[in-house]
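The structure appears below as structure tokens.
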Amino acid sequence: MSEPTTGIQAAVDRLPIADGRTTWRHVIRIFGARRWLVALTTFTLLCVAVTGLAIPALLGVIVDVVSAKGGSQALLNSLGLLFIAAMATGILTGISQVLLAKMGQSGLAQLREEVFESAMELPQERLERAGSGDLISRVSRDVDATNEAIGGILPTFISALFTIALTLLGLGVLDWRFAAVTLLCVPIHALALRSFLRRSGPIYRAMRVAEAERGQHLLEATSGADTIRALGTEKHHVSAVASSSRGAIGLMLKAVVVSSRFYGWLNMAELLGMAAILSTGFFLVRADAVTIGAATAAALFFHRLFGPIGALLANVDELQKAGAGLARLVGLIDSDREQQAPGPDAVSGTAPGVVVRGLSAGYRDSPAVITDFELSIAPGELVALVGSSGAGKTTLARVLAGNLDPSAGTVLLDASAAPKLGHSTLLVSQEVHVFSGTIAENLLLAAPASTTEELTRAILEAEAHWVLALPEGLDTVVGHGALHLTGEQTQHLALVRALLNKAGMVVLDEATAEAGSASAALMERVAMRITRGRTGVVVAHRLSQAAQADRILVMEDGRIVEQGSHAELLASAGTYATLWEAWSARG
């Protein structure tokens, strides 16, 4: 299945990256839901800029009072106003920081949740093709960069914009010529910024990709360290990590060079601007066009611009980094939303009919396991998949569960295209996980709204009495550093989760494989209860499971070679009958 192209720029294997328009659309959506908080925060930042600019203006007034030998009362009045302006600036700055934190962190929290949800919804095979390093770099470095931008850079950026605009207005009020000479710096700033953006943008995007590749090489090397040592390929992997690191470092050095040139031009603009303001003030004072205090205020105003202009232009650098990270996060969210819409039964929970047409599927660069596959499953029908290892059973099951993207063909639920099978299909495999937390929290993953009574009822239905027999019952903490569950107990909990989940279709991929001989019958009973009232597909670990299905599909080399009920296949004396005879002989 090809990557979505609308609003997304994707490489062949990497997860997609959103374009600028798509990224802005998501930013507006997130903060548009907080419009009143955004408006209040913006107004507070504007007030901070106004009170901050009152300080140099009042200093100019004080200079005029002193030079004119005004009375002490006038001086005290000016000093009092200066104190009030300084206090107001401090208080409003504190309030604005609180509002910004509330606005930014709530928006970032929503973004994090959407990224995590989208990552969990993507088919496992898609993540494997992209490499875990790509995903990890997005949910770590890219989230951190976005967090830094929202928490620290964006407030400074907005404050700088207000301060610059109001300072230019203040200079114009003092004398239009002050504002005019200040604008002489704009061409230098504009050319420096234009050159910086043109050179730095591609470098930062390439840096993100290089960092992801370096992370992927490190993960592969560390996770397979024992195998690497056994094969004696340490030098190859060290070389791969070193090569990717050199690439990332080389891009970082290029970014430093571009950034240094940029700051050099900013310093040049400040020098020329201050010289122009002082010269203009000198001639205007000599011509009695302005007072010494006004010229002093103008110089202080311009000096006050150093920080905001530097912050504004310098933060473009950080915002570019954050923008590159944000585009990668939005690309992950948008790919999930565009590529995978909920199936028609995702809300109703009713058992859907399934039609598979021209399906081909495989893994990464390997040949397709199943090709041009056709299948129809009636609503509420239980189908068992039987065959030797490599026949394509698990591949078909993963496609139906939404965990594997087919390379061709369609899967229809209730005659409607449903690429987002994961919303309407529940997969229970032999690869299950217990998360650190209580048993209740582990069960609530399948049905977050369940009550304690509903959890207990599901446990009893699954005959998992051992859970209630634990000292803390549902409140027993399991996982790392707590109670260790056996593989059989972990699988049993997975079956309880499946009972709680209300998906209309269930796929059991050797879901009872961990069961020992003593509990095999129990696990199979529970597995069959899970399929009641749903459309079910069972990859049969034991033929006793297949015998209970409405229809059995015998697969070889990615195709169906026999199908029918248990009795029909035994009567036909074909492949299934031979398998059943061998199974029965083993007792």
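Checking the structure you have, find out if any residue of the stretch 200-218 is under 22 Å from the mean Cα position of the chain (by Cα), more than 24 Å from Ala18 (Cα to Cα) and in the same structural domain as Arg138 (by TED's automatic domain parsing).
There is at least one residue in the stretch 200-218 that is under 22 Å from the mean Cα position of the chain (by Cα), more than 24 Å from Ala18 (Cα to Cα) and in the same structural domain as Arg138 (by TED's automatic domain parsing).
When both residues are 6+ apart or on different chains and their Cβ atoms are under 7 Å apart, which pairs have a first residue that lies in the stretch 2-29 and is of a type in the set (Asp, Glu), and a second that is in a loop (DSSP other than H, G, I, E, B) and at pLDDT below 65?
Every condition considered, the pairs that remain are Glu3/Ala10; Asp19/Gly7.
What's the number of the only condition in (1) surrounded by 20 or more Cβ atoms within 10 Å (Cβ to Cβ); (2) closer than 19 Å to Met528 by Cα; (3) of a type outside the set (Ser, Thr, Tyr) that Val467 fails to meet?
Answer for Val467: the failing condition is (2).
Residues of the stretch 427-443 being touching a residue at least 24 places away in the same chain (Cβ under 8 Å) and more than 23 Å from Thr535 (Cα to Cα), which ones?
His433, Val434, Phe435, Ser436, Gly437, Thr438, Ile439, Ala440, Asn442
State yes or no: is Leu168 out of contact with any strand residue (DSSP E or B) (no Cβ under 7 Å at 6 or more places or on another chain), more than 19 Å from Trp265 (Cα to Cα), free of Cβ contacts under 8 Å to residues at least 40 places away in the same chain and in the same structural domain as Ile95 (by TED's automatic domain parsing)?
yes
Could you tell me which of the residues Pro352, Pro367, Pro448 is under 20 Å from Leu499 (Cβ atoms), more than 27 Å from the chain's Cα centre (by Cα) and part of a loop (DSSP other than H, G, I, E, B)?
Result of the check over Pro352, Pro367, Pro448: Pro352.
Can you find even one residue in the stretch 473-484 that is in contact with an Asp or Glu (Cβ under 8 Å, 6 or more places away or on another chain), in contact (Cβ under 8 Å) with a residue 24 or more places away in the chain and surrounded by fewer than 21 Cβ atoms within 10 Å (Cβ to Cβ)?
No: the stretch 473-484 contains no residue that is in contact with an Asp or Glu (Cβ under 8 Å, 6 or more places away or on another chain), in contact (Cβ under 8 Å) with a residue 24 or more places away in the chain and surrounded by fewer than 21 Cβ atoms within 10 Å (Cβ to Cβ).
Does the stretch 207-222 include one or more residues that are free of Cβ contacts under 8 Å to residues at least 40 places away in the same chain, of a type outside the set (D, E, K, R) and either in a helix (DSSP H, G or I) or in contact with an Asp or Glu (Cβ under 7 Å, 6 or more places away or on another chain) (or both)?
Yes, the conditions are met somewhere in the stretch 207-222.
For (1) under 29 Å from His26 (Cα atoms); (2) modelled with pLDDT under 75; (3) buried (at least 21 other Cβ atoms within 10 Å of the Cβ); (4) under 35 Å from the mean Cα position of the chain (by Cα), each residue gets a yes or a no:
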position: Met268; (1), (2), (3), (4): no, no, no, no
position: Ala276; (1), (2), (3), (4): no, no, no, no
position: Gly281; (1), (2), (3), (4): no, no, yes, no
position: Arg286; (1), (2), (3), (4): no, no, no, no
position: Gly343; (1), (2), (3), (4): yes, yes, yes, yes
position: Val347; (1), (2), (3), (4): yes, yes, no, yes
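The values are calculated or read from the model by the stated rules, or taken from the named source; none is laboratory data. Every value quoted in this text rests on a predicted model; they were computed, and no experiment measured them. Glycine gets a Cβ as well: all are built from the backbone with ideal geometry, and neighbour counts include every protein chain shown.
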